[in-house]
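A.B. asks: One structure coming up, written as C-alpha cells, with questions to follow.
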Amino acid sequence: MLLRVVFAVVSGVALSLAFEPVAAPILIPFAVAGFVLSCRGLRLRSGWVPGLAFGIGFQFVLIVWMRAVGTDAWLALATAEAAFLGVLGSLTAVLTRHRLWPLWVAAAWTAVEVWRSGWPFSGMPWGRLAFAVIDTPVARALPWIGGVGVSFVLALSGTLLAWLVVSRGRERLLAGGLLAALVLVALVPVAAPWRATPESSITVAAIQGDVPGDGDDILYDFRQVTQNQVDVTSQLAAEVAAGTRPEPDFVLWPENSTAIDPFRDAQTNSAIWAASQAIGVPIVVGAIVDAGPDHVLNQGIVWDPVTGAGERYTKRHPVPFGEYIPAREFFSRQFGRLAIVARDMESGTRRTPLQVAGVPVADAICFDIAYDDVLYDQVKRGAQLVTVQTSNATFIHTDQIEQQFAITRVRAMETGRTVVVASTNGVSGVIAPDGSVVASAAPRTQAALVATVGLDSSITPAVRIGPWTGRLMLALTVVGLVLSIRSSRVSYGAGRRQAAGDRAGASLAVAASPAGVEPLGDEAAPGEERPR
C-alpha cells in the first residue's frame, strides 16, 4: 500500500503540471494511468487510500494559488477536492474487476468531474481534464463534444494506457490497437474542424483600469478602482474623437468596477454617467449592488449614455466562503475569519443574453466561466458574442489568472463564439472562436483593447448536447458498477464451487485408499510400498 500511495501522489502531481503555468498536457494519459494502476486490484474499502493520495498530489499543487486567500482556505479546499478522487479510487477498485474496465473507469472519472463541478455549494470545476488542452490538437474536438466529452476521451486514453501496461499476449495487442484507434478518432476534428460563420461584426472595447497599491486588494482604494475605469474610458473617448482609435459599439468594464452600489452612492453614479457620456455608447458596468441589509448582487449592468442603467446579468455561481457563507451560523462559529464576509451574495437566475447595442451578448462574471450552464444557456437562447467580467486582483501575483484565461479560451472554442474579457488588472483579452488570442493586455497595466469581432448565431454540437454528455457518463458508471459487482459475485461463486470440488476429490481419494495407507503422490517415500 505504501508503494501505491507514493506512486499515486507522484501521478497526481504530474497531472497538476498539465495545467498552467507548466501547461504540459502530454502528461494527462500517463497521470490517469498512474491513478488507475494505484487503485487496481484493491477492494472497495481500501481503494480510496491511493485515490485520496492522488487527489492530494493533484489538487494541493493545482490550486496552490488559494494561499493568496489564506493557508487555511487552500488546505480546506484542496482537501475537499481531493476527497472526490478518494471516492473515485474506491469506484476504480470495483470497476476494474470487469473485462471492460477501461471504459467504465473513464466514464467514472468524467462523472466525478461533473459531480464535483456542481456539488457541494455549487462545486469547484477547476482541474477538469479538458481545461488543460487548449493548445493541443485535441482541443479541436471541443465544439463537437464539449468539455465533458473531451475529458472522457482524455480519461479513456489513460485507462487504455493502464490496460496496455498490465495486459499480456493478444490482450496487449488489443489494448494497443484500441489506444491507437482512440488517438486517430480524437484527431478527426483536426481534419474536419468546426468553423465559425459570422453573419456580421461589432467593435468592442475592453477596459483594464488596474488596481491601486500592490494590486491584490480590490477594496484597498475602491473609489480609485472606479476612477481608473473612468479615466481609461475617457482617454479612449478622446482618442476616438481624434481619429486615432476606432469607435466601439459598446464598452466592457470588469467585475468590481465599483465595489459600492452605483444606485445608492452619488459619487459612483456620477462617475459612470460621465464615462458613458464621454464615450457615447453603452458600457457594461461590473458592480456590487445592494439586495437588502444581508445580501448583495454581483452584476453586469448595461449602462446607456442616454437612458442609464438597463438590463442586468447577475453572477450565477458566487464563490462559497468567499462571496457568501453557507450555513453561516455554524461555520462562523468554527472559523471566526469568515465574519469579514458581512453579507451573502445571492445567485442570479438569468438564462437569456443581455441586449447590448442591439446585439444579444452572453455575459459571465469571474468563476462563472468555469461552469457549463452559464454560457450554454445563453448561447442556446441566441447569444452571438460572449463577454467575461472578472476581478482577479486577489490572485494577481499567482498562476490563477493564467489558469482562468485558459478556461476562457476553452469556452470560446466550445461555444464557437468570440470572447471579450475585461479584468480589473489582468488578464484582459479578446479570444477568437478557434481559441486563439487576438489581443491581450499585460497584467498590472492600464489598457483599452479595441477589436472588431464577428457575430455568430450558429450553435455548436457541444452546446446542443449540453448536460447530456455528463448524464451519459453517470449512466455508464452505474452500468459498469452493476456488471463489475455481478462479475465479482460470479467469480466468487465459481471459486467456492471449485474449492468444494477439490475438497470432495481429496475425500474420495482418501476413502479409496487401502485401510491405514495415505495417498503419497507420484512417488512413495523410501522403504514404503506405493499404493495400487
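The values are calculated or read from the model by the stated rules, or taken from the named source; none is laboratory data. What you are looking at is a predicted structure, and each value in this text was computed from that prediction instead of being measured. Counting neighbours? That spans all protein chains shown, and the Cβs are built from the backbone with ideal geometry, glycine included. Remember, those area values only see protein heavy atoms, side chains included, never the ligands or the DNA or RNA. Shrake-Rupley method; radii C 1.70, N 1.55, O 1.52, S 1.80 Å.
A.B. asks: Among bridges DSSP assigns within the stretch 384-485, what percent are antiparallel (round to 5)?
C.D. replies: Of all bridge pairs located within the stretch 384-485, approximately 60 percent are antiparallel.
A.B. asks: Ignoring chymotrypsin sites (Phe, Trp or Tyr not before Pro) that are buried or in helix or strand per DSSP, and keeping those with at most 16 other beta carbon atoms within 10 Å, what is the longest stretch of the chain between them?
C.D. replies: Longest site-free region, per DSSP loop and neighbour criteria: 336-532.
A.B. asks: Where in the chain is the longest stretch that carries no GluC sites (Glu not before Pro) classed as loop by DSSP and with at most 15 other Cβ atoms within 10 Å?
C.D. replies: 200-522
A.B. asks: Sticking with this one: Compactness ratio of the stretch 258-356: Cα Rg over 2.2 N^0.38 Å, N = residue count?
C.D. replies: Taking N as the residue count of the stretch 258-356, the ratio is 1.25.
A.B. asks: Kindly give the semi-axes, whole Å and largest first, of the ellipsoid equivalent to the stretch 107-256, taking each as the square root of 5 times a Cα gyration tensor eigenvalue.
C.D. replies: Working through the eigenvalues yields semi-axes of 47, 23, 12 Å.
A.B. asks: Here's a follow-up. Just to confirm a number: summing +1 for Lys and Arg and -1 for Asp and Glu over residues other than G149 whose beta-carbon lies under 15 angstrom from that of G149, what do you get?
C.D. replies: Spelling it out: positives minus negatives among the neighbours equals +2.
A.B. asks: Would you check the accessible area of D290, probe 1.4 Å, heavy atoms only, in square angstrom rounded to 10?
C.D. replies: 50
A.B. asks: Across every pair of different alpha-carbon atoms, what Kirkwood hydrodynamic radius in Å does the stretch 298-418 reach?
C.D. replies: 15.8
A.B. asks: Let me ask you something else. Which of W253, V374, S428 sits closest to the plus end of the dipole of the chain, meaning its Cα is farthest towards the positive end, when Lys and Arg get +1 and Asp and Glu get -1 on the C-beta?
C.D. replies: Projecting each Cα onto the dipole axis, the largest value belongs to V374.
A.B. asks: In addition: Counting each pair of different Cα atoms once, what's the Kirkwood radius of the stretch 27-168 in Å, rounded to one decimal?
C.D. replies: After inverting the mean inverse Cα-Cα distance, the result is 15.4 Å.
A.B. asks: Based on alpha-carbon atoms only, what is the radius of gyration of the stretch 258-301 relative to the globular estimate 2.2 N^0.38 Å?
C.D. replies: Ratio of Rg to 2.2 N^0.38 Å for the stretch 258-301: 1.20.
A.B. asks: Sticking with this structure for a sec: Find, to one decimal place in angstroms, the Kirkwood hydrodynamic radius of the stretch 60-128, where the mean of 1/r is taken over every pair of different Cα atoms and then inverted.
C.D. replies: 13.0
A.B. asks: Using the heavy atoms of the protein chains alone and a 1.4 angstrom probe, what is the accessible area of the chain per residue in square angstrom?
C.D. replies: 43
A.B. asks: Averaged over all directions, how much area does the convex hull of the C-alpha atoms of the stretch 224-295 cover when projected, in nm²?
C.D. replies: Spelled out: convex hull of the Cα atoms, projected over all directions, averaged, 4.8 nm².
A.B. asks: Please label the shape of the stretch 405-491 as rounded, prolate or oblate, based on the square roots a ≥ b ≥ c of the eigenvalues of the alpha-carbon gyration tensor (a/c under 1.5 means rounded; beyond that, a/b larger than b/c means prolate, else oblate).
C.D. replies: Since a/c reaches 1.5 and a/b is larger than b/c, the shape of the stretch 405-491 is classed as prolate.
A.B. asks: Quick one: net charge around I279, please, counting Lys, Arg +1 and Asp, Glu -1 for every other residue with C-beta under 14 Å from its C-beta.
C.D. replies: Local net charge: -4.
A.B. asks: Separate question: Residues with beta-carbon under 13 Å from that of P198, excluding P198: net charge, scoring Lys, Arg +1 and Asp, Glu -1?
C.D. replies: It works out to a net charge of -1.
A.B. asks: Apply the a/c threshold of 1.5 to the C-alpha gyration tensor of the chain and tell me whether it is rounded, prolate or oblate.
C.D. replies: Here the chain falls in the prolate category.
A.B. asks: If I model a spin label at Q334 and I485 as a point 7 Å from the Cα along the Cα→Cβ vector, what separation in nanometres do I get?
C.D. replies: Computed distance between label sites Q334 and I485 equals 3.0 nm.
A.B. asks: Ignoring ligands, DNA and RNA, what percent of the accessible area of the chain is carbon or sulfur (1.4 Å)?
C.D. replies: 61
A.B. asks: Work out, in µm²/s and without decimals, the Stokes-Einstein translational diffusion coefficient of the stretch 399-450 at 20 °C, 1.002 mPa s, Rh from Kirkwood over C-alpha pairs.
C.D. replies: 197
A.B. asks: Of all DSSP beta bridges in the chain, what percent run antiparallel (nearest 5)?
C.D. replies: About 65 percent, rounded to the nearest 5.
A.B. asks: Sticking with this one: Can you tell me the 0 to 90 degree angle between the C-alpha axis of helix 266-279 and the longest principal axis of the chain, rounded to 10?
C.D. replies: The angle comes out at about 80 degrees.
A.B. asks: In nanometres, what is the gap between the two model label sites at A291 and E199, each 7 Å from Cα along Cα-to-Cβ?
C.D. replies: It works out to 3.3 nm between the two label points.
A.B. asks: Still on this structure: Just to confirm the number: angle between the C-alpha axis of helix 400-415 and the first principal axis of the chain, 0 to 90 degrees, nearest 10?
C.D. replies: 90
A.B. asks: Taking 10 °C and 1.306 mPa s as the conditions, I'd like the Stokes-Einstein D for the stretch 1-101 in µm²/s, using the Kirkwood hydrodynamic radius from alpha carbon pairs.
C.D. replies: 118
A.B. asks: Next up: Which of the three applies to the stretch 167-246, rounded, prolate or oblate, going by the alpha-carbon gyration tensor with a ≥ b ≥ c and a/c under 1.5 meaning rounded?
C.D. replies: Oblate shape, in that a/c is at least 1.5 and b/c is the bigger or equal ratio.
A.B. asks: Oh, and also: Can you tell me the FRET efficiency between A327 and R172 if r is taken as the Cβ-Cβ distance and R0 is 51 Å, rounded to the nearest 0.05?
C.D. replies: About 0.50, to the nearest 0.05.
A.B. asks: Charges only on Cβ, +1 for Lys and Arg, -1 for Asp and Glu: so what's the dipole of the stretch 100-175 about the Cα centre, in debye to the nearest 20?
C.D. replies: 200
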